1. Applying a 10 Å radius around every beta-carbon, put 38-46, 83-91 in order of their mean neighbour count, most first.
2. Going by average Cβ neighbours within 10 Å, how do the peptides 116-127, 93-104, 153-164 rank, with the highest at the top?
3. For the stretch 124-151 and the stretch 28-103, what is the separation of their C-alpha centers, rounded to whole Å?
4. Based on the alpha-carbon gyration tensor of the stretch 73-184, what equivalent-ellipsoid semi-axes (square roots of 5 times the eigenvalues) come out, in whole Å, largest first?
5. Taking the Cα atoms of the stretch 50-98 alone, what are Rg (to one decimal) and Dmax (as a whole number) in Å?
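Since every read-out is calculated from the coordinates, none of them should be taken as a lab result. Here the structure is a predicted model, which is why all the values come from computation and not from measurement. Every residue, glycine among them, receives a Cβ derived from its backbone with ideal geometry; neighbour counts consider all protein chains shown.
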Amino acid sequence: MSQKPQKNAQTAHYIELGGYQYWPVLVPRGIRLYTYEQIPVFLRDNPYITDGYRAYLPSRLCIKSLFILSNETVNIWSHLLGFLLFFCVGVYNMASVLPSIGASREDYVIYSIGLFCFQLCMLCSVGYHLFCCHRSEKTSRRWMALDYAGISIGILGCYVPGVFYTFYCNNVSTSLIRHKILLHS
């Protein structure tokens with residue numbers, strides 16, 4: 001049977017990954033990783049994730065925990081990098097692609113709405129996964145609600161361009177109808 005390695009009390013905690021593996025994780029002072037049984041009930045969503053939980057943290061330490069390895073690390077960084085990807089692709093498309101294809105003002109607006117919605121969705125998710133370990137259940141729940149709102153906004157970001165471009169062929173006839181209405185008024 002494997003023995004648990006000695007801890008360096010100031011710089012590293014050892015977390016168990018699987019049956020007999022212990023990995024050192026550098027953790028800033030004041031941040032500790034917990035097992036599923038040690039965390040508050042409001043953080044217990046998945047009993048199959050047995051350790052690596054951040055809990056009981058004030059906001060300042062939640063932000064510092066961005067740079068440690070925990071069970072939320074992939075969620076935080078994949079959404080943060082997703083935000084940066086949408087931002088970079090958006091800037092490139094707005095500056096190069098849309099002008100080169102002769103996009104209309106409506107195309108810019110619709111593209112901007114979709115892009116903004118995706119970016120907001122990613123940032124809300126980063127916020128939730130970063131602050132879900134807050135010592136206050138109320139704060140944690142508010143971030144969860146914001147994450148759900150971000151998901152809804154992300155869905156809207158898919159819906160608006162989808163509807164606009166589905167009926168794009170009707171755009172000419174719609175503007176002609178509006179023009180005729182204005183002439184007869």
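1. Values: 38-46: 12.8, 83-91: 14.4.
Ranked from most to least packed, the peptides come out as 83-91, 38-46.
2. On the way: 116-127: 20.8, 93-104: 11.8, 153-164: 15.1.
The most tightly packed comes first, giving 116-127, 153-164, 93-104.
3. Answer, in whole Å: 11.
4. Details: eigenvalues 272, 64, 15 Å².
After scaling each eigenvalue by five and taking roots: 37, 18, 9 Å.
5. In order Rg, Dmax, the Cα atoms of the stretch 50-98 give 15.7, 48 Å.
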